[in-house]
Amino acid sequence: MSTVYITRHGQANTGARDHHEYDKLSPLGHQQAQWLGEFFAMNGISFERIYSGDLHRQQQTAQGINSAGVEHVIDERLNEFDYFGLSHDIETRIGIPYPETQDDFKDYILNMITLWKNGEISSDLETYESFHDRILSVVHDLSDRGENALLVSSSGVIASLVARLLNVPLKDQPKLFLSVSHTCLNRFERMFGDLTPTLFCATPHLDRPDRSHARTFI
């Protein structure tokens, strides 16, 4: 059975309001990545390759995990969607401000993906459909190869993959976005011919009392 593991990057610069400022790990983000790499080593879990997008926070996370020094491959299909570009467009066109709290983010992300899907806001980088096509293609490609690999990506990629593969209604998809914690483990396996999520948002490297503070979402 072909299996693909994906983790979200470590905590980034949470106070940022643009892509450049956000795209770097916080000290805790580096620690989360190191702990995940130690978990793999202690449990005899190894990978032939680690894949990440070309975003700095994704590459830094992959490097922190990769204590074994396996090949690290950059694949831009694992990049996050253009969150800050869409945020700028939704404020400019529709007047919806950037969210200030986690509660605000739930309604905000639903508005964003609905408006993006309907073509009422846009990104200079890609359409809603092209985003979904690329993230599905990278998981299917690696699953078809049967390669033992770990992918390092972002919350929007992971949540959107789960939503698409399980046909989650659009109105419920923000719950998935809010559930994807930093460096959580997610697994996709081919079952009965279909790629299926079989592990979602596991944090075995953080599930201990002295690391409870390190299970972060924003």
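The values are calculated or read from the model by the stated rules, or taken from the named source; none is laboratory data. All figures in this text were calculated on a predicted structure; none of them were measured in a lab. All Cβ positions, even for glycine, are placed from backbone atoms using ideal geometry, and neighbour counts span all protein chains on display.
In the stretch 53-84, of all residues being touching a residue at least 24 places away in the same chain (Cβ under 8 Å) and among the aliphatic types (A, V, I, L, M), the one that is farthest from S130 (Cα to Cα) corresponds to A68.
Could you go through the stretch 96-114 and let me know if any residue there is in a loop (DSSP other than H, G, I, E, B), buried (at least 20 other Cβ atoms within 10 Å of the Cβ), touching a residue at least 12 places away in the same chain (Cβ under 8 Å) and out of contact with any strand residue (DSSP E or B) (no Cβ under 7 Å at 6 or more places or on another chain). Step through it out loud before you land on a result.
Initial filter on the stretch 96-114 (in a loop (DSSP other than H, G, I, E, B)): 96-101.
Add one more test, that the residue is buried (at least 20 other Cβ atoms within 10 Å of the Cβ), and what stays is none.
Within the stretch 96-114, not a single residue is in a loop (DSSP other than H, G, I, E, B), buried (at least 20 other Cβ atoms within 10 Å of the Cβ), touching a residue at least 12 places away in the same chain (Cβ under 8 Å) and out of contact with any strand residue (DSSP E or B) (no Cβ under 7 Å at 6 or more places or on another chain).
Yes/no matrix, rows are residues, columns are (1) in contact with a Phe, Trp or Tyr (Cβ under 8 Å, 6 or more places away or on another chain); (2) buried (at least 21 other Cβ atoms within 10 Å of the Cβ); (3) not polar (S, T, N, Q):
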| position | (1), (2), (3) |
| --- | --- |
| S122 | yes, no, no |
| E129 | no, no, yes |
| R134 | no, no, yes |
| S143 | yes, no, no |
| L150 | yes, yes, yes |
| S153 | no, yes, no |
| V157 | yes, yes, yes |
| L161 | yes, yes, yes |
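Number of residues in the stretch 76-93 that are surrounded by 18 or more Cβ atoms within 10 Å (Cβ to Cβ) and under 30 Å from N148 (Cα atoms): the value is 6.
Each row is one residue, and each column tells you yes or no for (1) of a type in the set (D, E, K, R); (2) at pLDDT 95 or above; (3) in a strand (DSSP E or B); (4) in contact with a Pro (Cβ under 9 Å, 6 or more places away or on another chain).
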| site | (1), (2), (3), (4) |
| --- | --- |
| I6 | no, yes, yes, no |
| R17 | yes, no, no, no |
| Q32 | no, yes, no, no |
| W35 | no, yes, no, no |
| I50 | no, yes, yes, no |
| R57 | yes, yes, no, no |
| Q60 | no, yes, no, no |
| Q63 | no, yes, no, no |
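When the residues of the stretch 71-115 are filtered to those that are under 19 Å from the mean Cα position of the chain (by Cα) and of a type in the set (G, A, S), the one that is nearest to D23 (Cα to Cα) is G85. One residue stands out among those in the stretch 164-197 that are in contact (Cβ under 8 Å) with a residue 40 or more places away in the chain and in a strand (DSSP E or B): the one that is surrounded by the most Cβ atoms within 10 Å (Cβ to Cβ), which is F188. Can you tell me which residue is nearest to Y51 (Cα to Cα) among those in the stretch 145-175 that are touching a strand residue (DSSP E or B) at 6+ places or on another chain (Cβ under 7 Å) and of a type in the set (S, T, Y)? Among them, the one singled out is S153.
Taking every residue in the stretch 134-152 that is of a type in the set (K, R) and pairing it with any residue that is not in a helix (DSSP H, G or I), at least 6 positions away or on another chain, the pairs with Cβ-Cβ distances below 9 Å are R134/N79; R134/E126; R145/S2. Going through (1) closer than 21 Å to Q11 by Cα; (2) out of contact with any helix residue (DSSP H, G or I) (no Cβ under 8 Å at 6 or more places or on another chain) one by one, Q102 falls short only on (2). Restricting the stretch 121-136 to residues that are acidic (D, E) and more than 12 Å from G85 (Cα to Cα), the residue that is farthest from the chain's Cα centre (by Cα) is E129.
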